[in-house]
1. Using the beta-carbon distance between Ile500 and Ile295 and R0 = 30 Å, what value does 1/(1 + (r/R0)^6) give for FRET efficiency, to the nearest 0.05?
2. What whole-number volume per residue, in cubic angstrom, does the convex hull of the C-alpha atoms of segment 169-219 give?
3. Report Glu99's accessible area, 1.4 Å probe, all protein chains in place, as a number in Å² to the nearest 10.
4. At 0.36 nm per residue, and after removing the present C-alpha to C-alpha distance, how many nm does the segment from Leu201 to Asn485 gain when stretched out fully?
5. Given C-alpha coordinates of segment 130-225, what is the ratio Rg to Rh with the Kirkwood estimate of Rh?
Amino acid sequence: MSEANTTASFLAVRINWFSVRLALGIAAFYSWVYLLFCFEGLLRDMVAYGGGVVHDPLFLGACLTASLLLLGVLFATKKRMRLPLDSKETTKVAAEETEYKTRARRWQLLMIVFAVVGALAGVFGVYLSAVAPLGQTGLKVAAALAGIVAGIFIAAYTLEWGEVVLALDMRKALVALGVAFCLQWIPFIAVELMGTAFKALLAFVLPLVSGWCLVGFFDERNISEGVAKAPKNTQAQTTDKAIIGRVAGASFVFSFVAQFSWTCNVVMTTEPLDESLFWVVFALIFVATTLSVGIIMAFVNRWRAYRTELFYRVAFVFGVAGSAALGLAATHLFVSYSLAYIAYALIMPTMWMLAWSIVFMRKGASRPVIGWVFGLQFLGLPLGFAVARGMQEFAGITVSYTMLPYASLFATVLLTLTYVFVLPERTLMMLSPRLFKLSHESIDERCHDIATQYALTAREAEILGFLARGRDVGYIEKELFISRNTVNTHRKNLYRKLGIHTQQELLSLLEDTLD
C-alpha cells in the first residue's frame, strides 16, 4: 500500500455542487418540518405559549398523515423502472431512453408540485397563527386540514430523499447527513429574531429549496431500486424484518420521549421559558450538534471505520440527560428544554445511517426500510404529545408541575429499556460495515476477483462474501445451515490463502487494494 493511500483522509470530504445540493436539500426539508412541529417555530401564536390553537392541530394532522402514508408504503408493490447499472445492459438503453426521460420529467414535475403544496400549507399555518388572537372559530379545523396537506408533503419527501440517500456510498451519505442535520438549526435561530412576514417567507421558501435540490437526483433514486435486493431465503427475511423492527422501534421510542419531554417542559412548568431565550436555545442546539457530529466524524476518519454506535451512544446520553432534567424543569427549564432538543437532533442522523446500513448490509429494499423507520418515528411524536397532555389533565393544570419527577422517571426508564433490549449495541454491530468505498456491486465484484486470484473454493468464496460485510461466525452458521466448526475451518483456510489472520485485515485488504 502506497504512502498516499495511508495518509489520505478516510472521509474524503469534497465541496462540490453534488455535495452542496444534497446537504442543502435535506437541511431545508427537515428545517421546515421541525419549524412547524416545535413550539417556538413558525406557528407560535399569542393565544397560549406553544401556539395551542393552531400549532397543536396542525402538528397532529401532519404527524399522523405522514406516519400513515409512510407505513402504507409497506403494502405498495409497484415496481419502477431503474437506470441500467452496468455495460451488459447497454443494448437496452436506446430502447428505454425515451421512456426513462419521460419518467424523469414526470417525477420532477410531481416533486415540484409536492413542494409547492407543502409551501402553501406552511404559509397558511403561519397566517392562521397570526390571526389566532382575533378569533378561534374554525381555526382548529383549518389548522388540522393544513396539517394533513403538510403531512402528504412530508411523507413524499421523506421517501424520496430516503431513496436518494440510501443509494449513495456511505462516505457521501455520512458527510451529507451530518452537515444537513447541523445546518437545519440555523433557520430556527433566525425565525426567533424576525416577525410574521419572515416566518411566512421561510415557510414558503424552504420546501421550494428542498424540491429544487431533489429534482436533480433522479438517477440516484433509480439506482437505489436497482441495487436493493431482497434476501433469498425465508430465514434471512425473518432476520431482516426483526432488525428493521428493532431500528424502527428505537426510532419510535426516541421520538416519543423527545416530544414527551418537550411537551412536559411546556405544559407542566409554572412559567414558560422567557421568549428572549428562544434564539439562545437554538444557537446552543446548533453548536452542540455541530460539535458532537464533528467529533464523531473525526474519530471515524481517524479509525478508518464506520462507527454507527458512536452516534447512537451520544444521542442516548443526551436523551437520558434530557429526560433526567425534566425533574428540574420547574426551576431550570432552559437546561431541560435544550437537552431534549439536542438529543432529538442527534438521533435523526443516527436513524438515517441505520436505515442506510440495513439497505447496504442486508440488501433490503429501501422503501420498506424508510416506511418502517420514519413512519414509526412520526407516529411517536403525536403519541408523546398525547401522553404528556394526558398526565397534565390527570394531575390538573394548576398543579401539573408535581408530575415532572414522575415524567422524568418514565422517560429515562423507557430510553434505557430501548437501549438495552430493543436496539442494543450488539445489534448495531451487525449493521456496521467497515468499508466505505465499496458499493453493493463492487463488494461482490471484489470478492469474486479475490476468490479467483487466490483459487478459493466455492464455499470459501461464499464465506468471504459474508465476512466482507462484517458478518460473524454465528450469523454465517445460521445462513448456510452448517456447523460452527465447519465455518471456522473454512474461515481458517480462507485466511491462510489470503495471508491474513483477522476479519479486520480482510476488510482492509478489500478496501486498500481498490483502484
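1. On the way: r = 31 Å, r/R0 = 1.05.
After rounding to 0.05, the efficiency reads 0.45.
2. Numbers: hull volume 3.0 nm³, N = 51.
That works out to 58 Å³ per residue.
3. Its heavy atoms expose roughly 90 Å² to the probe.
4. On the way: separation 284, 0.36 × 284 = 102.24 nm, distance 6.51 nm.
Contour length minus Cα-Cα distance gives 95.7 nm.
5. Numbers: Rg = 17.1 Å, Rh = 16.0 Å.
Dividing the radius of gyration by the Kirkwood radius yields 1.07.
The values are calculated or read from the model by the stated rules, or taken from the named source; none is laboratory data. The model shown is predicted, which means the values in this text are computed figures rather than measured ones. So basically every Cβ, Gly included, is an ideal-geometry build from the backbone, and we count neighbours across all protein chains shown. The accessibility values were calculated without ligands, DNA or RNA, using every heavy atom of the protein model including side chains. Shrake-Rupley method; radii C 1.70, N 1.55, O 1.52, S 1.80 Å.
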